[in-house]
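Asker: Next up is a structure, given as structure tokens.
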């Protein structure tokens with residue numbers, strides 16, 4: 001997987017503006033693909049009690065053939081989570097709500113939203129894992 005980024009690094013090292021732009025775009029796309037393929041490594045390590053390289057291999061196996069489905073679903077779920085966290089966090093910008101109690105409550109709700117994201121990743125991993133074996 002690391003070999004994928006080498007052409008982008010070579011393009012950037014040329015130093016020409018067009019090559020830097022193309023290399024940067026290439027690296028962004030390659031890293032995005034890399035991150036999607038390894039998104040479930042943590043879940044694989046926890047559920048399968050696997051070590052580092054076997055968890056990475058398990059994540060690649062589970063995500064194989066489901067790239068766009070994973071991207072779309074994760075963008076939808078984490079987009080909603082991010083929007084809710086931003087709305088809750090913006091309440092601290094209102095001067096009357098700028099105190100310790102409101103700040104503690106908003107940070108608690110934002111942490112709960114983050115926990116929901118972790119649980120969602122686990123459920124999605126289990127779903128992909130079950131569909132892979134059947």
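The values are calculated or read from the model by the stated rules, or taken from the named source; none is laboratory data. Remember, it's a predicted structure, so these values are computed and weren't measured experimentally. Glycine gets a Cβ as well: all are built from the backbone with ideal geometry, and neighbour counts include every protein chain shown.
Asker: Does at least one position in the stretch 26-36 carry a residue that is in a helix (DSSP H, G or I) and over 30 Å from residue 127 (Cβ atoms)?
Answerer: Yes, the stretch 26-36 has at least one match.
Asker: Output the number of residues of the stretch 74-86 satisfying the condition of being touching a residue at least 12 places away in the same chain (Cβ under 8 Å) and within 14 Å of residue 124 (Cα to Cα).
Answerer: Qualifying residue count for the region: 3.
Asker: I would also like to ask the following. Determine the pairs where a residue that is on the phi < 0 side of the Ramachandran plot and at pLDDT 85 or above, located within the stretch 122-134, has a partner that is surrounded by fewer than 14 Cβ atoms within 10 Å (Cβ to Cβ) and part of a helix (DSSP H, G or I) with Cβ atoms under 7 Å apart, the partner being 6 or more residues away or on another chain.
Answerer: Here the result reads none, with nothing in the stretch 122-134 linked to a residue that is surrounded by fewer than 14 Cβ atoms within 10 Å (Cβ to Cβ) and part of a helix (DSSP H, G or I).
Asker: If I ask for residues that are touching a helix residue (DSSP H, G or I) at 6+ places or on another chain (Cβ under 6 Å) and in a loop (DSSP other than H, G, I, E, B), which ones from the stretch 99-134 would you list?
Answerer: Those that are touching a helix residue (DSSP H, G or I) at 6+ places or on another chain (Cβ under 6 Å) and in a loop (DSSP other than H, G, I, E, B): none in the stretch 99-134.
Asker: Being in contact (Cβ under 8 Å) with a residue 40 or more places away in the chain and surrounded by 12 or more Cβ atoms within 10 Å (Cβ to Cβ): is that true of residue 71 here?
Answerer: no
Asker: Restricting attention to the stretch 40-49, does a residue exist that is within 30 Å of residue 107 (Cβ to Cβ), outside any helix (DSSP H, G or I) and either within 14 Å of the chain's Cα centre (by Cα) or in contact (Cβ under 8 Å) with a residue 60 or more places away in the chain (or both)?
Answerer: yes
Residues are listed down the side, and each one gets a yes or a no for (1) surrounded by 12 or more Cβ atoms within 10 Å (Cβ to Cβ); (2) in contact with a strand residue (DSSP E or B) (Cβ under 7 Å, 6 or more places away or on another chain); (3) over 21 Å from residue 66 (Cβ atoms):
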site	(1), (2), (3)
3	no, no, yes
18	no, no, yes
22	yes, no, yes
26	yes, no, yes
29	yes, no, no
33	yes, no, no
44	yes, no, no
49	no, no, yes
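Asker: State whether the residues of the stretch 63-71 include one that is assigned to a loop (DSSP other than H, G, I, E, B) and closer than 20 Å to residue 117 by Cβ.
Answerer: For the stretch 63-71, residues assigned to a loop (DSSP other than H, G, I, E, B) and closer than 20 Å to residue 117 by Cβ: present.
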